[in-house]
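The values are calculated or read from the model by the stated rules, or taken from the named source; none is laboratory data. It should be emphasised that the depicted structure is a prediction, and the values quoted were computed from it without experimental measurement. All Cβ positions, glycine included, derive from the backbone under ideal geometry; neighbour counts span all protein chains shown.
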């Protein structure tokens with residue numbers, strides 16, 4: 001059982017409003033729950049959620065939360081014209097230049113996430129070094145882009161590994177993978193990023209809490 005708000009506020013030296021806001025967020029995330037007349041309690045199953053699918057997080061942070069020592073490799077950086085599908089998704093003209101970055105994320109030296117990011121060159125406002133692309137993409141856009149990343153619209157798609165993807169992730173071809181296909185938007189709801197990431201679910205498991213709407 002969690003102590004009352006007044007006790008927490010006194011012990012931590014903050015206002016009750018701050019405590020109430022923090023507890024409301026933890027309840028929303030499924031980490032705690034409230035019982036009428038009994039108090040507030042830790043939701044132990046909720047503590048198993050290492051990464052929330054409804055939040056923007058760095059992949060290195062996710063791997064660290066799962067107990068791994070993370071690292072990132074840049075496999076390829078190129079500039080290419082947008083194909084029709086990407087142009088429609090990013091609200092640009094076909095052939096407009098894109099910065100395309102292919103990154104591999106490792107957990108204790110084992111490859112676990114393969115990511116492809118497509119950013120319109122028109123969205124990049126400041127010079128950068130190749131090493132800057134090691135930043136999480138939202139941090140890169142915040143530092144070097146014209147507009148920061150505000151939110152994603154994501155599709156979760158089951159796929160099987162191609163021969164190339166399998167070789168990169170050290171798994172056999174046709175191994176089932178989880179894929180996140182995402183369009184990132186700015187604060188004014190303009191698409192500024194197309195991202196596709198493939199996850200090895202034998203090393204990284206994504207969980208979420210689903211609540212009743214009743």
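Condition first: under 21 Å from the mean Cα position of the chain (by Cα) and surrounded by fewer than 13 Cβ atoms within 10 Å (Cβ to Cβ). Now tell me which residues in the stretch 166-182 satisfy that. Break it down into steps so the answer makes sense when it comes.
Filtering the stretch 166-182 for residues under 21 Å from the mean Cα position of the chain (by Cα) gives 168-169, 176-182.
Listed by number, the list holds a single entry, 176.
May I ask you to list the residues in the stretch 65-87 that are more than 25 Å from residue 167 (Cβ to Cβ) and modelled with pLDDT under 90? Within the stretch 65-87, 65, 67 meet the criteria.
For the structure I just gave you, tell me whether residue 5 is touching a strand residue (DSSP E or B) at 6+ places or on another chain (Cβ under 9 Å), farther than 20 Å from residue 149 by Cβ, at pLDDT below 85 and surrounded by 14 or more Cβ atoms within 10 Å (Cβ to Cβ).
Details: touching a strand residue (DSSP E or B) at 6+ places or on another chain (Cβ under 9 Å): yes; farther than 20 Å from residue 149 by Cβ: yes; at pLDDT below 85: yes; surrounded by 14 or more Cβ atoms within 10 Å (Cβ to Cβ): yes.
Yes, satisfied.
Contact map, the stretch 168-196: first residue in the same structural domain as residue 157 (by TED's automatic domain parsing) and assigned to a helix (DSSP H, G or I), second residue buried (at least 18 other Cβ atoms within 10 Å of the Cβ) and at pLDDT below 95, Cβ cut-off under 7 Å, separation 6 or more or different chains; pairs are 169/200. In the stretch 101-123, the condition of being assigned by TED's automatic domain parsing to the domain that holds residue 176 and at positive phi is met by at least one residue. Of everything in the stretch 64-84 that is assigned to a loop (DSSP other than H, G, I, E, B) and under 20 Å from the mean Cα position of the chain (by Cα), the residue that is surrounded by the fewest Cβ atoms within 10 Å (Cβ to Cβ) is 67. Residues that are under 20 Å from residue 57 (Cβ atoms) and loosely packed, with under 13 Cβ neighbours inside 10 Å within the stretch 126-165 comprise 153, 155, 156, 157, listed in sequence order. Every test in (1) in the same structural domain as residue 73 (by TED's automatic domain parsing); (2) under 25 Å from residue 65 (Cβ atoms); (3) crowded, with 18+ Cβ neighbours inside 10 Å is passed by residue 204 save one, and that test is (1).
Scanning the stretch 133-167 for residues that are under 18 Å from residue 116 (Cβ atoms), assigned to a loop (DSSP other than H, G, I, E, B) and touching a helix residue (DSSP H, G or I) at 6+ places or on another chain (Cβ under 6 Å) returns a single hit, 149. Taking residue 47 as meeting all but one of (1) over 19 Å from the mean Cα position of the chain (by Cα); (2) surrounded by 11 or more Cβ atoms within 10 Å (Cβ to Cβ); (3) at pLDDT below 70, write down the number of the exception. Of the numbered conditions (1) over 19 Å from the mean Cα position of the chain (by Cα); (2) surrounded by 11 or more Cβ atoms within 10 Å (Cβ to Cβ); (3) at pLDDT below 70, the odd one out for residue 47 is (1).
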